[in-house]
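Encoded as structure tokens, the structure appears first; notes follow it.
The values are calculated or read from the model by the stated rules, or taken from the named source; none is laboratory data. Just so we're clear, the structure is a prediction, and the values are computed from it rather than from any experiment. Neighbour counts run over all protein chains shown; Cβ positions are idealised from the backbone, glycine included.
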Amino acid sequence: MLEVLPLIACILIAFSIGSNDTSNAFGICIGAGIITFRRAVYLLGVFVFIGGILQGKNVMKTVGRELVSINVLILSIALLVSAFMIVFANWKRLPVSSHQAIIGSLVGAGMALGASVRYDTLLKIIESWIISPLGSMLLAMVVYSICEILFRRMPLFKVERILRTLLLLNGMIIAYNTGANELATALGPIVYYGILTPIEAVAVGTLMLWLGAMCLSSRVIETVGKGITSLDAFSGFSAQFSAGMNVLIFTTLGMPVSTTYCIIGGIMGVGILKGVETVRFDLLKRIMLSWILTPLLSFATCYLISLLSIS
Amino acid sequence: MFWRLKLGRGKEGEIISLFREHITIIRDACELFLECIREKDRVTISEVCEMEKLGDTIRREIVLKLYDGAFLPGIRGNLYRLAETLDEVLDTVEDAAIMFMMIPELDEGVMAKCVRIAEINLKMADELLKTFEALRNESDLRDRTIKIRIMEEEVDAIKREIFRRLMETDVQSFWQGMAIYNFIRHLTNVSDLIEDAGDIIQILNVSLR
């Protein structure tokens, strides 16, 4: 019976990722009129499923097997707290990383309940969280500079057409990453505890994510896309492409990293290149605060709840 | 979807064709206007009004398609401005044609200069069409817009000469003078507006870079 709780929490997290990350993947495309919302959601579903099936196992293994030795109580507390935090953050329009909430919760519950926590894996994950947005920032600067040189020599209508195609391809890459990394982080613990097989987990997860996208997406992108620095299609492409490539690399390494933070890093890179004064540091501070607080808060909450559950 | 993006069809291709058609109508209107004032034909010139109506329809179609989400948002604003400016060019050619039907016969010297302006307007419309087409296959449009600007400056110089000559001419009534003034003003405004359209195309060209 207790095994149902982590499953419900996972379904809730997948639903929230869907409501949150359609905007990461296809927000710019929908806003630019390249694709309709409905088509974007269908594409998201397809690529999330492909990502989950082809590369989801790497991240699932890190989160579900190599971080904490899981039991059903750890799983239930960690995933329920993560689900609550992610849903709350979406409701409040905060760009909170689902990875950070899940990892913080698993480690918090694991430590409180005396499970063995592999600190070398935890350290690697934290390093990935730091390196991935910085990597996106640098890559976005390089991509933006290269595109500026290439596009300068091309006629306008050709540039426009290429940009539209690239933005759509970017969306597909991000959608793929959502399945291979974001969703895999949420599904890893239940797969390695044996509640579902990887294929079952990816199928259920994709379905719930798709429903979340259909019902509640298009919220956080307003903060991410428009808030930090003024974003045109060209800058949007550079930021999104660098984030997509970065997450793809980290997915191959099995590291759960946030697409949202990578896109923020990419936008920062483009912003710095355009002139530091275009970057809104007040908003960036808020995002950085959320970056630090999310894992700490999920860790502390799960730690306390787990201690209470023992006593 | 990909084949549409690849071949440039869909809404974007339709808008490009509509713009091409719009500028071609301007060119044809300028040509008809030139022939009519050269031949002093005050009947056929009324066909310019029909062309203006056609231009209006095209402008509306362009605006609706842009509203439907054709092209990236970064260039939609300038495409809209271009459609509006092209419409103003046709309006002004129509105004000049209407005034031509009302004014008495002008002094030969003045008329020759008016014909020269109409010739330049036609050349400018040709150049505008080439500049717009260049958005598909050229990256630097500066030389083309400079050509348009040089022609506009020539029109400005002729306009000053016309007014200098007209000041020495007697008119029968205030309204006749007013009609002649309006004819010259509309005729010379055509080049101003074509120059504006050329500038918008140039802005469009750098807007995504």
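Does A:I146 meet the test of being among the hydrophobic types (A, V, I, L, M, F, W, C), closer than 30 Å to A:S19 by Cβ and more than 10 Å from every other protein chain (Cβ to nearest Cβ)?
Details: among the hydrophobic types (A, V, I, L, M, F, W, C): yes; closer than 30 Å to A:S19 by Cβ: no; more than 10 Å from every other protein chain (Cβ to nearest Cβ): yes.
So A:I146 does not fit the description; no.
May I ask you to list the residues in segment B:11-34 that are without any contact (Cβ under 8 Å) to a residue 24 or more places away in the chain and not acidic (D, E)?
Going residue by residue through segment B:11-34, those that are without any contact (Cβ under 8 Å) to a residue 24 or more places away in the chain are B:13, B:17, B:28, B:32.
Answer for segment B:11-34, where residues must be without any contact (Cβ under 8 Å) to a residue 24 or more places away in the chain and not acidic (D, E): B:G13, B:S17, B:L32.
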Some residue of segment B:62-73 being closer than 30 Å to A:C29 by Cα and within 21 Å of the chain's Cα centre (by Cα): yes
Residue ID - nearest to the chain's Cα centre (by Cα), chosen from residues in segment B:35-61 that are surrounded by fewer than 19 Cβ atoms within 10 Å (Cβ to Cβ) and touching a residue at least 40 places away in the same chain (Cβ under 8 Å): B:C49
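Go through the residues of segment A:166-181 one by one and say whether even a single one is facing chain B (nearest Cβ under 9 Å) and more than 14 Å from the chain's Cα centre (by Cα). Steps first, please.
First pass over segment A:166-181, keeping only residues facing chain B (nearest Cβ under 9 Å): A:167-168.
Still in the list and also more than 14 Å from the chain's Cα centre (by Cα): A:167-168.
Among the residues of segment A:166-181, at least one is facing chain B (nearest Cβ under 9 Å) and more than 14 Å from the chain's Cα centre (by Cα), which makes the answer yes.
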A:V96 being crowded, with 24+ Cβ neighbours inside 10 Å, within 14 Å of chain B (Cβ to nearest Cβ) and not charged (D, E, K, R): no
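Select from segment A:259-289 the residues that are modelled with pLDDT under 85 and surrounded by fewer than 20 Cβ atoms within 10 Å (Cβ to Cβ) and list them in ascending order.
Start the filter on segment A:259-289 by keeping residues that are modelled with pLDDT under 85, which leaves A:260, A:274-284, A:286-287.
Once the filter is applied, which keeps residues that are modelled with pLDDT under 85 and surrounded by fewer than 20 Cβ atoms within 10 Å (Cβ to Cβ), segment A:259-289 yields A:K274, A:G275, A:V276, A:E277, A:T278, A:V279, A:R280, A:F281, A:D282, A:L283, A:L284, A:R286.
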Unique match (being on the phi < 0 side of the Ramachandran plot, at pLDDT below 95 and within 14 Å of chain A (Cβ to nearest Cβ)) among B:L66, B:L106: B:L66
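Give me the helices (runs of 4 or more DSSP H) completely within segment B:95-209, filtered to those with at least 3 residues that are surrounded by 14 or more Cβ atoms within 10 Å (Cβ to Cβ) and polar (S, T, N, Q), ordered by residue number.
Values: elements: B:108-137, B:142-167, B:174-207.
Filter on segment B:95-209 gives B:174-207.
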Selected residue (only one of B:L86, B:L82, B:L90, B:L64 is surrounded by fewer than 18 Cβ atoms within 10 Å (Cβ to Cβ) and assigned to a helix (DSSP H, G or I)): B:L64
Residue in segment A:13-24 that is touching a Leu at 6+ places or on another chain (Cβ under 6 Å), assigned to a helix (DSSP H, G or I), within 20 Å of A:T259 (Cα to Cα) and within 14 Å of chain B (Cβ to nearest Cβ) present: no
Number of positions in segment A:101-131 that are of a type in the set (G, A, S) and surrounded by 24 or more Cβ atoms within 10 Å (Cβ to Cβ): 6
Odd one out for A:V4, checked against (1) touching a helix residue (DSSP H, G or I) at 6+ places or on another chain (Cβ under 7 Å); (2) at pLDDT 85 or above: (1)
Tally of residues being at pLDDT below 90 and surrounded by fewer than 17 Cβ atoms within 10 Å (Cβ to Cβ) across segment A:151-176: 2
Residue match in segment B:38-49 (condition: closer than 30 Å to B:V110 by Cβ, among the hydroxyl-bearing types (S, T, Y) and more than 14 Å from chain A (Cβ to nearest Cβ)): yes
